[in-house]
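A short worksheet on the structure shown next.
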Amino acid sequence: MKKRKRLDHQLIFKLIKPGSRVLDLGCGKGELLARLAAEKKISGQAVERNPARVADAIRAGVAVYQKDLDCGLPEFKKDSFDYAILEMTLQQLERPLAALEETLRVSRFTIVSFPNFNYRGVVGKLVETGRMPVTPALPYSWHNTPNIHLFTLYDFLDWAEQRGVTVVAGYASAAGSPFRPLNLPLDSSEAEELLFVITLPGSGQPQSTGADA
Amino acid sequence: MTDPLNVCLEKRAPHDLPDAPRSVGWISPKRVVLADQANPLPLDCGIELAPVTVEYETYGRLSPAKDNAVFVLHALSGDAHAAGWDRDWARDNRPWRQERPGWWDEMIGPGKAFDTDSFYLVCANILGSCYGTTGPWSPNPENEGRPYGLDFPVVTVEDWIRLQVRLQDYLGIEQLLAVAGGSLGGQQALAWAINYPDRIRSAIILAASARLGAQGLAFNAVGRQAIFNDPCFNRGNYYNSEAPAGGLELARMLGHITYLSADSMEGKFGRRYQNGKRPCYRLEDEFMVESYLSHQGRSFVNRFDANSYLYLSRAMDYYDAASNNGGDLEAACAAIRADLLLISYTSDWLYPPESTRAVAEAVLAAGHPVSYIEIPSTYGHDAFLLEAEKTAPLINSFLRRGAQG
């Protein structure tokens, strides 16, 4: 899981333009924001609900605000940030769509990554064993998983279309390989983890957010 | 008696003795006159006060660039003696200082949160207190040098900061690396950040908020009434007679209840009797919690001035970070330039976590980054002193990051 997190970090690190304002939601230990601040001179704010992780992030030198994302982000004004990051967090929220609405409001671009439940490695395990799949991207048992809202690539794209959200870019990764541009429809079952950059039409200037990778 | 009822002592690690590697060792308090007739200190109440003396202590060394100074801000009953052992306790008639080091000794010293190998710490006694800085006990030049008593002007948190700014200038420090404090000290740190944004680079605010709630105001009011109603109070003119010890003791007992939590009291004392398992059928000092509070009250009157308690608790009442912005905390926080670290403790009901969070929310709404954490603790408001182990690494990392930035 840790190695995969870093792959995620690498892509997000590339996507974010130097000097921008970044909101990292569910920041964990704050490594990504610390690196972005050090190497890309971004101004960052992290949000995390677990006090132990908040302490880690403070020790990492990140400005971190302890808060449960399911309570919304009313303290942040519209378009306060260039990017909001929801890294492997959405599936853990009580109200994932409310959180997406908030990130779309407070930032121009939302960078969201999540495990794809339609990944063949997940579905295959479920069918073969008849039990909830435990995989590198979903490393929990049914009773202790924080992932309470699992969904798939098409679930996400359906929501984006219904909501009128523009998908600026999409990336996929599987079995620990680096993220690469999304390849539809193949990635519906080939992608283990997905990452999207989304925005609302008219939310600031369209800018190239394609990875230089 | 070795103070068996003191929850603070039980929780605290053994003191670092003066020769311990992590102690700042023997310390001498310093005094400086920062306002005189030619340059009096303007107060919020409209009075210009002079002379004004400030007692302060310093630990560590000021760097040649003068960029490593941290002002530590004490709470209601605190003093300038934040760390180490007072060499001059006998000269200044402060025998209680033989028993223990400064009030934040766990946090200040070589290798501690406020690492004196890296940072230069300054702690000054606040205006109106009774530990060397001018207060109601000081000679009133307009009354033939008799103590001010209740003729001392009503002071505010903002007045305290105005005086600390003079100390900053006296020490020749253009910008402080940080200001830091808990409780009333945290409110001073917030006042620094809002009123003097360019004079500090960061502020560390523990167990404090933008204003005391109505419940807190109510407790302070009862504390003051206890002092007013003491037969020895004599409208504050007691310096040549018996002091209103009973009233001050009662005020301190009441204050102590607000510093603890229901859980910590239950855990420490429960319903245990002072003498064995059976009631003695008497009205005084029957339960352990009673004896504890009495002990706290009695030891307090030996080291504190009742008039100072009146003035400092009133300043605590008055402080409202948003008062200059029509109650709009976000507008007040728009002035802030410093990096902020806000820490609350889950069982604190004097300055509850929601009230500290409200400051963080206002700062974020003003478009400024903030660090805010709720540390799980059962110790109530006192957690900011007692949870040193959990708090220290956060403060240390935050300071080091500020020093690099």
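Coordinate-derived values only; no laboratory data. Computed from a predicted structure; not experimentally measured. As a convention, Cβ positions derive from the backbone with ideal geometry for all residues, glycine included, and neighbour counts pool all protein chains shown.
What value, in deg cm²/dmol to 500, does the helix sum -39500 (n - 2.57) over DSSP H runs of n ≥ 4 give at 222 nm once divided by the residues of the protein assembly as shown?
Here the helix-only value at 222 nm equals -10000 deg cm²/dmol.
What the Cα convex hull of the range B:249-405 gives, in volume per residue, is 150 Å³. Hydrodynamic estimate: the Kirkwood radius of chain B over Cα pairs, inserted into Stokes-Einstein at 10 °C and 1.306 mPa s, corresponds to D of 73 µm²/s. Other residues with beta-carbon under 11 Å from the beta-carbon of A:ILE148 carry, at +1 per Lys or Arg and -1 per Asp or Glu, a net charge of -1. By definition, a body whose alpha carbon gyration tensor gives a ≥ b ≥ c is rounded when a/c is under 1.5, and the range A:20-118 falls into this rounded group.
Phi angles of the range B:194-209 translate, via the Karplus equation with coefficients 6.51, -1.76, 1.60 and θ = phi - 60°, into HN-Hα couplings of 7, 8, 10, x, 8, 8, 9, 9, 7, 9, 10, 10, 10, 6, 8, 8 Hz per residue; Gly and Pro are given as x. Scalar couplings 3J(HN,Hα) for the range A:180-189, obtained by applying the Karplus form with A = 6.51, B = -1.76, C = 1.60 to θ = phi - 60°, are 9, x, 4, 10, 8, x, 3, 5, 3, 10 Hz; x denotes Gly and Pro. Computed log10 I(q)/I(0) for the range B:220-324 at 0.17 Å⁻¹: -0.86, from the Debye equation with unit scatterers placed on every C-alpha and solvent omitted. Charge tally for A:VAL64 (other residues, Cβ to Cβ under 13 Å; Lys, Arg +1; Asp, Glu -1): 0. The mean of 1/r over all pairs of different alpha-carbon atoms in the range B:89-171, once inverted, gives a Kirkwood hydrodynamic radius of 15.3 Å. Within the range A:7-90, none of the GluC sites (Glu not before Pro) combine a DSSP coil assignment with at most 11 other C-beta atoms in a 10 angstrom radius. Over 24 Å, how big is the tail of the calculated P(r) for the range B:4-137, in percent of all Cα pairs? Cα-Cα pairs of the range B:4-137 separated by over 24 Å account for 35 percent. Radius of gyration (Cα atoms) of the range B:59-137, expressed as a multiple of 2.2 N^0.38 Å: 1.15. Amide H to amide H, which residues 5 or more places from A:ASN116 or on other chains are under 5 Å from it, using H placed in the peptide plane? The list, which skips near neighbours in sequence, is A:GLU193, A:LEU194.
If you rank B:ILE173, B:ILE204 by fewest surrounding Cβ atoms within 10 Å, what's the result?
Working: B:ILE173 19, B:ILE204 30.
Result, fewest neighbours first: B:ILE173, B:ILE204.
Dividing the Cα radius of gyration of the range A:1-78 by 2.2 N^0.38 Å, with N the residue count, gives 1.06. Sparse packing (at most 11 other Cβ atoms within 10 Å of the Cβ) combined with a DSSP loop state is found for the following trypsin sites (Lys or Arg not before Pro) in the range A:17-107: A:LYS41, A:LYS78. Can you pick out the pairs among A:LYS29/B:LYS390; A:LYS29/B:LYS112; A:LYS14/B:LYS390; A:LYS77/B:LYS112; B:LYS30/B:LYS66 whose Cα atoms lie more than 28 Å from each other? The pairs that break the limit, which is 28 Å between Cα atoms, are A:LYS14/B:LYS390; A:LYS77/B:LYS112. Report P(r) for the range B:116-163: all Cα-Cα distances, bin width 10 Å, range 0 to the bin holding the largest distance, values in whole percent. Going from the shortest bin to the longest, the percentages are 25, 42, 22, 9, 3. In the range A:92-213, one over the average inverse separation of all distinct C-alpha pairs is 15.4 Å, which is the Kirkwood hydrodynamic radius.
Under 5 Å between amide hydrogens, built in the peptide plane, is the criterion, and for A:ILE85 it picks out A:LEU23, A:ASP24, A:LEU25, A:ILE111 among residues at least 5 positions away or on other chains.
Hydrodynamic radius of the range A:137-187 by the Kirkwood approach over all distinct alpha-carbon pairs: 13.2 Å.
Taking a ≥ b ≥ c as the square roots of the Cα gyration tensor eigenvalues, the range B:121-264 comes out oblate, since a/c reaches at least 1.5 and a/b does not exceed b/c.
Counting every pair of alpha carbons in chain A, the share spaced more than 32 Å apart comes to 12 percent.
Mean silhouette area of the range B:313-382, derived from the convex hull of its C-alpha atoms and averaged over all directions, reads 5.1 nm².
Using a Debye calculation, one point per C-alpha and no hydration shell, please list log10 I(q)/I(0) for the protein assembly as shown at q = 0.06, 0.08, 0.09 Å⁻¹ in order. So the normalised log intensities are -0.39, -0.65, -0.78.
Checking every one of the chymotrypsin sites (Phe, Trp or Tyr not before Pro) in the range A:137-181 against DSSP loop status and a limit of 14 other Cβ atoms within 10 Å picks out A:TYR140, A:TRP142. Beta bridges from DSSP with both residues in the protein assembly as shown: antiparallel share about 40 percent, rounded to the nearest 5. Distance from a point 7 Å along Cα→Cβ of B:ARG22 to each backbone N in the range B:117-137: keep the residues under 17 Å and list them by number. Only B:117-119 fall inside the zone, counting backbone N under 17 Å.
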